[in-house]
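A.B. asks: Could you have a look at this structure, given as structure tokens, before my questions?
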Amino acid sequence: MSARRILVVDDNRDLAENLVEILEDAGFGADFFDDPARALHALVPGRYSLALIDLRMPGMDGVELHRALKQIDPALKAIAMTAFARDERVRCALGDGMLAVFSKPMNAASLIVQLREAVAA
Amino acid sequence: MAPHEEHLFEEIKRYVGFDEGDEARLRAVGPRVVPHALAITDDFYRHILEHHDARRAITGGDAQVGSLKRTLVVWLRELFEGPWDLAYYERRARIGRRHVAIDLPQQYMFTAVSVIRDHLCRIVLDTAASPDTGRAELFSVNRLLDLELAIMLHTYRENSLARLQRTERLATFGQFAASIAHELRNPLGVIESSTFLLRKRVGDSSEPITRHIDKISAQVQLSNRIISSLLDLVRERPPTPRDVPVRELLTAAMEPLPATTTTIELDVPDEPLVLHVDLDQARQIVANLLSNGLEAAGPTGTVAVRVRPEGAAVLITVNDTGPGIDPTIRSRLFEPLVSTKVRGIGLGLALCRRLAERNGGTITVASGRLPGASFELRLPRAELAGGIS
């Protein structure tokens, strides 16, 4: 069961909560953190199959967080979200092997499709 | 009149040593030259029309040449009338600005004045009371012609300064706007996702509620499109031009338009016209002009799109039956944040001009067959790629 769990990290708490609700509706288990450091601290290898990470966050950006998460759980897949589609971090995120970058405001339906594909793969 | 203009004219007069003696001599020369004004003018335009690149700046055919000739006759008369004061300067500068507006290359302005100079010098020498008088009159005529050239050159400088200011203004505005635009996408993301959830929670049964949810969704999409066009405006993506048939461009531009009852008249010649542009950027320009036209024309109106080859360019005219352009903002129409629309924020046309310029084209407002706004977009033709301005 834990294989379908999604980790949501976004410093915008309202968005993070909404995403969890949308994911749960779609049949995923999901937890959110609005603080990247706490997300990192809470990660247990194998607990999540995929992380949904905002690229711009205070303290630690999404690219850094993803690298740190991968240190702990190399099998963790990741998808990025950003309001800044032309951010240098987008290139870094894809270069680091994140599966996709979603531009905010995101289309929830296509996000779910992409997550299902990613988790099933 | 701005103080620097006063300074400029007085300064250049001093610089060439133009004084009361010159003024008196010019007044004496005037009556000998004016009878020849028409002949000089005919010769002048014969030279221009023989020259392909110079001729290209004259797009209005015989009617325009006729009106230009009348202007030149007046110009010649005033040359010798005086007073050579600030009002004189302003009148001359206005003509110079007209050259800038029609993109007359500066080198033709110089060579064209040389044609006039030849005529004037010959007349002065042929009709002078004595060789000494003629020689002095010749110097005065040349001083004045140099002043004329200086004024005309200054109008080109005004234009490039204005361009520079526009670019700087856009850059400052752009950085500021881009950061706000990006920031707005975060709250939009929350609204969008909450709307998505709300729609699921209320289901299909609750029509009055879903109607409002639909409105929220549509407005979120609209906000996001505004942000996108704003970011497109300030983004510096260099064009990647390729050969694009004009029909392909029109199809691409019309494809995303919403269904409309507005009549769209397409007048595209049968001959295959190929542009050399970045398709996506050119599409944005045409789509923007079309969507403005459709909005202005309204459901019962007409938008006419006309395509014609024009020298090294293809001219695409978009003309509508809407209320036309408010004359008070006509000259600033392509600046960011200037809009004729009640709900417009004034990014569309600024973006159009920027994209047109980046693709070696131009966009201008003109008057068309239909009573509303008319925009002329010129984009470089593939066979003659390399810019048209």
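Every number here is computed from the coordinates shown, using simple stated rules; none is lab data. All of these numbers come straight from a predicted model, not from anything done at the bench. Cβ coordinates were reconstructed from backbone atoms using ideal geometry, including for glycine residues, and neighbour counts include every protein chain displayed.
A.B. asks: Quote the relative contact order of chain B in percent (integer), defining contacts as alpha-carbon pairs under 8 Å separated by 6+ residues.
C.D. replies: 12 percent
A.B. asks: Using a Förster distance of 51 Å, how high is the FRET efficiency between B:LEU49 and A:LEU99, based on the Cβ-Cβ distance and rounded to 0.05?
C.D. replies: Computed FRET efficiency for B:LEU49 and A:LEU99 comes out at 0.20.
A.B. asks: Against the empirical 2.2 N^0.38 Å scaling, what ratio does the C-alpha Rg of chain B come to?
C.D. replies: So chain B has a normalised radius of gyration of 1.27.
A.B. asks: Give me the number: length gained by fully extending B:ASP326 to B:SER229, i.e. 0.36 nm times residue separation minus the C-alpha to C-alpha distance, one decimal in nm.
C.D. replies: 32.6 nm
A.B. asks: Under the √(5λ) rule applied to the eigenvalues of the Cα gyration tensor, what semi-axes describe the equivalent ellipsoid of the stretch B:98-204? Give them in Å, descending.
C.D. replies: Semi-axes, largest first: 68, 13, 7 Å.
A.B. asks: Next question. For q values of 0.22 Å⁻¹, compute log₁₀ I(q)/I(0) with the Debye formula on a Cα-only model of the stretch B:226-374, without solvent.
C.D. replies: -1.68
A.B. asks: Between A:ARG38 and B:GLN165, how high is the FRET efficiency from 1/(1 + (r/R0)^6) when r is the Cβ-Cβ distance and R₀ = 35 Å? Nearest 0.05.
C.D. replies: Efficiency, from the Cβ-Cβ distance: 0.10.
A.B. asks: If I model the protein assembly as shown as equal point scatterers sitting on the Cα atoms and use the Debye formula, what is log10 I(q)/I(0) at q = 0.06, 0.12 Å⁻¹?
C.D. replies: Relative scattering, expressed as log10 I(q)/I(0), comes to -0.46, -1.14.
A.B. asks: What's the tally of Lys pairs in the protein assembly as shown whose alpha-carbon atoms lie under 25 angstrom apart, where the two lysines are 8 or more places apart or on different chains?
C.D. replies: Lysine pairs, 8 or more places apart or on different chains, close enough: 6.
A.B. asks: What angle do you read, to the nearest 10 degrees and between 0 and 90, between the alpha-carbon axis of helix B:131-202 and the longest principal axis of chain B?
C.D. replies: The angle comes out at about 10 degrees.
A.B. asks: Distance between the C-alpha centers of the stretch B:97-134 and the stretch B:175-230? Whole Å please.
C.D. replies: Each part's Cα centre sits 65 Å from the other's.
A.B. asks: If one computes the Cα centroid of the stretch A:1-66 and of the stretch B:9-38, what distance in Å separates the two points?
C.D. replies: With the stretch A:1-66 and the stretch B:9-38 each reduced to a Cα centre, they are spaced 81 Å.
A.B. asks: Dipole of chain B, Cα-centred, from +1 at each Lys and Arg C-beta and -1 at each Asp and Glu C-beta, to the nearest 20 debye?
C.D. replies: In total the dipole reaches around 880 debye.
A.B. asks: Next up: So for the stretch A:5-120, Kirkwood radius off the Cα pairs, Stokes-Einstein at 37 °C and 0.692 mPa s: how many µm² s⁻¹?
C.D. replies: Roughly 239 µm²/s, to the nearest whole number.
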